[in-house]
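What follows is a single structure, written as structure tokens, with notes after it.
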Amino acid sequence: MQEKLRTLHHGACPHDCPDTCAMVFEVEDGRLVKVRGNREHPVTRGGLCVKLNDYEKRHYHPDRLLYPMRRAGAKGSRQFERITWDAALDEITSKWQAIIAKHGPQAIVPNSYLGHQGLVHGLNGGDAFFNRLGATVMERTFCGEGSATAWLMTHGPSAGLDPESFVHSKFIIIWACNSVSTNLHHWHFVKEAKKRGAKIVVIDSYASRTAKAADWHIAPQPGTDGALAMAMMHTIISENLVDQDYVTQYTEGFEELADRAAQRSPAWAAEITGVPAETIRQLAREYATTKPSAIRIGIALERHRGGGQTIRAVCCLPSLTGAWRDVGGGIMGMTFWEHPYKFDAICRADWIPQGTRVVNNLRLGRMLTDEPPAGPPIKSMMCWNTNPVTQAPESEKVIEGLLRDDLFFVCAEHFITDTAAYADILLPAAMGAEMEDIIIAWGHNYLTYTEKCIDPPGEALSNREIFRRLAAQMGFTDEEFAWSDRECLARFIDWDSPMCKGISLDLLRATGYQRLNVGDPNIRAPHRDGKFPTPSGKCEFKSSIAAGGNFVAAPFRQMYEQFQGGEFVDPLPDYLPPRESPATNSELAKRYPLSMISPKSHAFLNSCYANTGQKIKTQGAQFVLLSAIDAGSRDIRDGDVVTVFNDRGSFEGDARVTDDVNPGSIVTTVGYWAQFNRATVNNISSAEFADLGHAPSFSDNLVEVRKRLKLPCNHKGDTERRIRK
Ligand SMILES: Nc1nc2c(c(=O)[nH]1)N[C@H]1C(S)=C(S)[C@@H](COP(=O)(O)OP(=O)(O)OC[C@H]3O[C@@H](n4cnc5c(=O)[nH]c(N)nc54)[C@H](O)[C@@H]3O)O[C@H]1N2
Ligand SMILES: Nc1nc2c(c(=O)[nH]1)N[C@H]1C(S)=C(S)[C@@H](COP(=O)(O)OP(=O)(O)OC[C@H]3O[C@@H](n4cnc5c(=O)[nH]c(N)nc54)[C@H](O)[C@@H]3O)O[C@H]1N2
Ligand code: SF4
Ligand SMILES: [Mo]
């Protein structure tokens, strides 16, 4: 038999993950037969995570959407009939034209997120189209905008501490980040530092996989980290552990910060966080006196009412102690601030007609039901790259909205997800290896290229191609709608910027990845001599841009630097208590006494892979971790099926009685699909914003738990049976 020719191609993981792994795609006979991590890449190092290690299978999953479909039953019935692309495009554009004629273009609302993280096919891939249409602008603040706003207020757009510099650190705090599950390729550097003598501290409200691998786990109650950080400052200042010289030369607002920190003692914080005062003191002392010291903050730190202020407080720590002086010292958040992406060219925000209304994707359920925005009614929505029924808060309301007869709903997807199930028109989307792109990185400093190396199955099309065809059908003749993916890449990066010195698109295509010129991670100490890109040029303990009111810093959104008006923002960091906690809302806590957090699932990527048998097997059924005290008082035993509920809704999971969680709080994980589990965890989370950046408040959530009432449900065993490999 003749041996088949196998070709190798540069790939990149397109998922919403800080690691943006460089991959190798192996192709035989036009089929993707294997994927692996690129061994030469300094961050990826050949390994892929449990989610992507058989990524080729996802491309050929038997449930994949292959053809455009029209709804053929009641909304949400999952009954569809195949139609042609011409029929689909015709139906969409004629419905939209009718809506525009009657209500104006703002009656149409786009909704996307980072299902694909590319410059061409990602979150912003449809922005130019919808801005040209004059649609309502969707502000998308699912993730990172609270952190980004707090970071910008303190440091300005600095890439911060390079993840690769962590090998030089001697004291590492990983704060509300479950690296082993969510940022695996940073964990290599942390492990290497540990080998070289570093102490690893994890601050997490429960004993996550990462906390279990640390030298020291500190577990504050959810949403109370701001108090912990302020009390650390208190100790650092009152025990003279401040780097006075650094503070004098390179920071703004120390006196005022010191006045405030003086009132935030470890004893005060112990009451709030549940962490003993002596532990807080010890943490502050060790952090301030062991050099180099590094902090890695996770996105989870922003997910409560005071999330922005919490991140402000944590961001001040390295400047107080002068940690920035050392290679391997400072703080890492999202790295993309110095990356040369050209969002003006990608999004064409200049096309947004003046006065266009802005709505927010966390409020999707409300805007489609009982809180419609001012202006024309919402008559149509198009979703791509997002699955709000599982991922957005108040998901029962999202479903109620999607069931509206008068809402024409278009969804481009890989699968009939919980959201796609409600579509009037379903469009089959291409997947990773089927399209060319450069994938944005927020956990390292490389450009990563992914080649189109196979054709999409059936009639699936890339997001960009879908928008090209919609634009043509709408009669838009602007040149961007004719650019190929390659032409987009040539325009979507500032190849002439200092960051791209020595890098061209051709070189990137030939090599798969290129390190941006942010400096050598073994030499670089980005703020050794201050040089913070803030208005004052200093690290701003007291933020000067707070004087402009609240705003959303959204680095890869078209809303970047669009101020939201004059809400008061405290220019100094502080502890802002959760909206829902026994201490701040005792009435609510009488009915719902437990704080719930719902971080990421180890084997799912948000809701992706939660329809795949193998990944469900690794992840296990939806669980609810609770302490022996809380279980005992409710007569719940390990393994019982429990209902978690509050006024917003309920979901079910298997109780796991464990010491991994403190009394008073429970932990579950997000991503499980309602169609296999009766309901999702976001049935009970709130759409209220955090203090900065219109960030979500998934960790600011009071609930009660009880043994499941006898309800018909597809729980557990059923989940695995109903899902194909
Ligand atoms: N309770 C709770 N809720 C949360 C969070 C939490 O921690 N707890 N986390 C929040 C965070 S941080 C985030 S980022 C959001 C994520 O929210 P989403 O981005 O909505 O989450 P995903 O489940 O990744 O949905 C992406 C969808 O895009 C589809 N997709 C992937 N690639 C493509 C493509 O190329 N084209 C098209 N058309 N579709 C594609 C996938 O199949 C998937 O259904 O969730 C938020 N929700
Ligand atoms: N396996 C996997 N990896 C992912 C994703 C995924 O869905 N699955 N999603 C990707 C995305 S979109 C993102 S944004 C990142 C997010 O990555 P992370 O920032 O790591 O987010 P989470 O896993 O939600 O939460 C991290 C940890 O914070 C803890 N935590 C939650 N609230 C609090 C709190 O108030 N205080 C403290 N101290 N701890 C708290 C949780 O217990 C959890 O262990 O991960 C990315 N990587
Ligand atoms: S999900 Fe993250 S860790 Fe896994 S392959 Fe993709 S980029 Fe790498
Ligand atoms: Mo996220």
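The values are calculated or read from the model by the stated rules, or taken from the named source; none is laboratory data. Computed from a predicted model, the values in this text were never measured in an experiment. Cβ placement follows ideal geometry from the backbone for every residue including glycine, while neighbour counts extend to all protein chains displayed. Heads up: the accessible areas ignore ligands, DNA and RNA and are worked out on the full protein's heavy atoms, side chains in. Shrake-Rupley method; radii C 1.70, N 1.55, O 1.52, S 1.80 Å.
Given the criterion open to solvent by 10 Å² or more (accessible area, probe 1.4 Å) and touching an Asp or Glu at 6+ places or on another chain (Cβ under 6 Å), identify the matching residue among 436, 396.
Details: 396 fails: touching an Asp or Glu at 6+ places or on another chain (Cβ under 6 Å).
Of 436, 396, the one residue that is open to solvent by 10 Å² or more (accessible area, probe 1.4 Å) and touching an Asp or Glu at 6+ places or on another chain (Cβ under 6 Å) is 436.
In segment 263-275, what residues are surrounded by 21 or more Cβ atoms within 10 Å (Cβ to Cβ) and not in a loop (DSSP other than H, G, I, E, B)? If you could, list the steps in order and put the result at the bottom.
Applying the first criterion (surrounded by 21 or more Cβ atoms within 10 Å (Cβ to Cβ)) to segment 263-275 yields 264, 266, 269, 272-273, 275.
Those that are surrounded by 21 or more Cβ atoms within 10 Å (Cβ to Cβ) and not in a loop (DSSP other than H, G, I, E, B): 266, 269, 272, 273.
Considering each of 56, 40 in turn, give the residue that is away from ligand 1 (no atom under 14 Å from the Cβ), exposed (fewer than 14 other Cβ atoms within 10 Å of the Cβ) and either within 30 Å of residue 296 (Cα to Cα) or acidic (Asp, Glu) (or both).
Details: 56 fails: exposed (fewer than 14 other Cβ atoms within 10 Å of the Cβ).
Going through 56, 40 in turn, just one is away from ligand 1 (no atom under 14 Å from the Cβ), exposed (fewer than 14 other Cβ atoms within 10 Å of the Cβ) and either within 30 Å of residue 296 (Cα to Cα) or acidic (Asp, Glu) (or both): 40.
Which ones in segment 111-121 are buried (at least 24 other Cβ atoms within 10 Å of the Cβ) and either over 23 Å from residue 298 (Cβ atoms) or in contact with a helix residue (DSSP H, G or I) (Cβ under 8 Å, 6 or more places away or on another chain) (or both)?
116, 118, 119, 120, 121
Just give me the residues in segment 365-398 being under 22 Å from the mean Cα position of the chain (by Cα) and either of a type in the set (Val, Ile, Thr) or within 16 Å of ligand 4 (Cβ to nearest atom) (or both), in sequence order.
Residues satisfying the conditions are 385, 386, 387, 388, 389, 390, 391, 392, 393, 398.
Go through (1) surrounded by fewer than 21 Cβ atoms within 10 Å (Cβ to Cβ); (2) near ligand 2 (Cβ under 7 Å from one of its atoms) one by one and return the number of the condition residue 194 breaks.
Going through (1) surrounded by fewer than 21 Cβ atoms within 10 Å (Cβ to Cβ); (2) near ligand 2 (Cβ under 7 Å from one of its atoms) one by one, residue 194 breaks only (2).
Taking residue 151 and the conditions (1) away from ligand 3 (no atom under 16 Å from the Cβ); (2) in a helix (DSSP H, G or I); (3) farther than 27 Å from residue 304 by Cα, which numbered condition does it fall short on, given that it satisfies the others?
(3)
Out of the residues in segment 449-464 meeting the condition of being in a loop (DSSP other than H, G, I, E, B) and among the charged types (D, E, K, R), tell me which one is farthest from residue 25 (Cα to Cα).
Step one: list which residues in segment 449-464 are in a loop (DSSP other than H, G, I, E, B), which gives 451-460, 462.
In the following step, the residues that additionally are among the charged types (D, E, K, R) were identified as 451-452, 455, 459.
On the way: 451: 9, 452: 10, 455: 13, 459: 22 Å.
Ranking the qualifying residues of segment 449-464, first place goes to 459.
Right, residue 15: more than 16 Å from ligand 4 (Cβ to nearest atom) and either closer than 30 Å to residue 166 by Cβ or among the basic types (Lys, Arg) (or both) or not?
Values: more than 16 Å from ligand 4 (Cβ to nearest atom): no; either closer than 30 Å to residue 166 by Cβ or among the basic types (Lys, Arg) (or both): yes.
Here the answer is no, as residue 15 does not meet what is asked.
Checking the condition open to solvent by 40 Å² or more (accessible area, probe 1.4 Å), touching a residue at least 24 places away in the same chain (Cβ under 8 Å) and away from ligand 1 (no atom under 16 Å from the Cβ), which residue from 90, 86 passes? I'd like the intermediate steps shown before the answer.
Numbers: 86 fails: touching a residue at least 24 places away in the same chain (Cβ under 8 Å).
Step by step, each of 90, 86 is checked, and only 90 is open to solvent by 40 Å² or more (accessible area, probe 1.4 Å), touching a residue at least 24 places away in the same chain (Cβ under 8 Å) and away from ligand 1 (no atom under 16 Å from the Cβ).
Of all residues in segment 4-15, which are surrounded by fewer than 24 Cβ atoms within 10 Å (Cβ to Cβ) and within 16 Å of ligand 2 (Cβ to nearest atom)? Working first, answer last.
Start the filter on segment 4-15 by keeping residues that are surrounded by fewer than 24 Cβ atoms within 10 Å (Cβ to Cβ), which leaves 4-10, 15.
Answer for segment 4-15, where residues must be surrounded by fewer than 24 Cβ atoms within 10 Å (Cβ to Cβ) and within 16 Å of ligand 2 (Cβ to nearest atom): just 15.
Which one is nearest to residue 575 (Cα to Cα) among residues in segment 276-304 that are in contact with a strand residue (DSSP E or B) (Cβ under 6 Å, 6 or more places away or on another chain) and either among the β-branched types (Val, Ile, Thr) or not in a helix (DSSP H, G or I) (or both)?
Only one residue fits best here, namely 297.
If residue 173 satisfies all but one of (1) open to solvent by 20 Å² or more (accessible area, probe 1.4 Å); (2) outside any helix (DSSP H, G or I), what's the number of the condition it fails?
(1)
Pairs only if they're at least six apart or on different chains, beta carbon under 6 angstrom, first in segment 4-23 and assigned by TED's automatic domain parsing to the domain that holds residue 431, second within 11 Å of ligand 2 (Cβ to nearest atom) and part of a strand (DSSP E or B); list them, first residue then second.
What qualifies is 15/605.
For segment 506-560, name all the residues that are assigned to a helix (DSSP H, G or I), modelled with pLDDT of 95 or more and open to solvent by 20 Å² or more (accessible area, probe 1.4 Å). Give the steps one after another, and end with the answer.
As a first pass, look at segment 506-560 and keep what is assigned to a helix (DSSP H, G or I): 506-511, 545-548.
From what is left, the residues that are modelled with pLDDT of 95 or more are 506-511.
Hits for segment 506-560 are 506, 507, 509, 510, 511.
Residues being more than 16 Å from ligand 2 (Cβ to nearest atom), in contact (Cβ under 8 Å) with a residue 60 or more places away in the chain and in contact with a Phe, Trp or Tyr (Cβ under 8 Å, 6 or more places away or on another chain): count how many of those fall in segment 57-82.
The total comes to 10.
Return yes when residue 221 is farther than 25 Å from residue 49 by Cβ and surrounded by fewer than 18 Cβ atoms within 10 Å (Cβ to Cβ) and no when it is not.
Working: farther than 25 Å from residue 49 by Cβ: yes; surrounded by fewer than 18 Cβ atoms within 10 Å (Cβ to Cβ): no.
For residue 221, the condition - farther than 25 Å from residue 49 by Cβ and surrounded by fewer than 18 Cβ atoms within 10 Å (Cβ to Cβ) - is not met.
If you take the residues in segment 132-165 that are more than 15 Å from residue 298 (Cβ to Cβ) and within 16 Å of ligand 1 (Cβ to nearest atom), which one is nearest to the chain's Cα centre (by Cα)?
The first filter runs over segment 132-165 and keeps only residues more than 15 Å from residue 298 (Cβ to Cβ), leaving 132-141, 149, 152-159, 162, 164-165.
With within 16 Å of ligand 1 (Cβ to nearest atom) added as a condition, the list becomes 138-141, 149.
Details: 138: 17, 139: 14, 140: 11, 141: 9, 149: 14 Å.
Only one residue tops the list, namely 141.
What do you reckon, is residue 671 touching a residue at least 12 places away in the same chain (Cβ under 8 Å), open to solvent by 10 Å² or more (accessible area, probe 1.4 Å) and either in contact with a Gly (Cβ under 8 Å, 6 or more places away or on another chain) or small (Gly, Ala, Ser) (or both)? Give the steps one after another, and end with the answer.
On the way: touching a residue at least 12 places away in the same chain (Cβ under 8 Å): yes; open to solvent by 10 Å² or more (accessible area, probe 1.4 Å): no; either in contact with a Gly (Cβ under 8 Å, 6 or more places away or on another chain) or small (Gly, Ala, Ser) (or both): yes.
In short, no.
Exactly one condition in (1) in contact with a strand residue (DSSP E or B) (Cβ under 9 Å, 6 or more places away or on another chain); (2) closer than 23 Å to residue 405 by Cβ; (3) open to solvent by 10 Å² or more (accessible area, probe 1.4 Å) is false for residue 102; which is it?
All conditions pass for residue 102, except number (1).
For a quick check of your reading of the model, give me the residue pairs whose first member lies in segment 278-306 and is within 22 Å of residue 141 (Cβ to Cβ), whose second is in a strand (DSSP E or B) and polar (S, T, N, Q), with beta-carbon atoms closer than 9 Å and at least 6 apart or on different chains.
So the pair list comes out empty.
Suppose we filter 137, 33, 120 for residues that are away from ligand 2 (no atom under 16 Å from the Cβ), within 22 Å of residue 392 (Cβ to Cβ) and touching a strand residue (DSSP E or B) at 6+ places or on another chain (Cβ under 9 Å); which single one remains? Spell out how you get there, then give the answer.
Numbers: 33 fails: within 22 Å of residue 392 (Cβ to Cβ); 120 fails: within 22 Å of residue 392 (Cβ to Cβ).
After applying the criteria, what remains is 137.
Rundown of residues vs (1) open to solvent by 40 Å² or more (accessible area, probe 1.4 Å); (2) touching a Ser or Thr at 6+ places or on another chain (Cβ under 9 Å), yes/no style:
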| position | (1), (2) |
| --- | --- |
| 574 | no, no |
| 595 | no, yes |
| 609 | no, yes |
| 632 | yes, no |
| 638 | yes, yes |
| 658 | no, yes |
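Can you tell me which residues in segment 465-502 are closer than 17 Å to residue 124 by Cβ, part of a helix (DSSP H, G or I) and of a type in the set (D, E, K, R)?
465, 468, 480, 485, 487, 491
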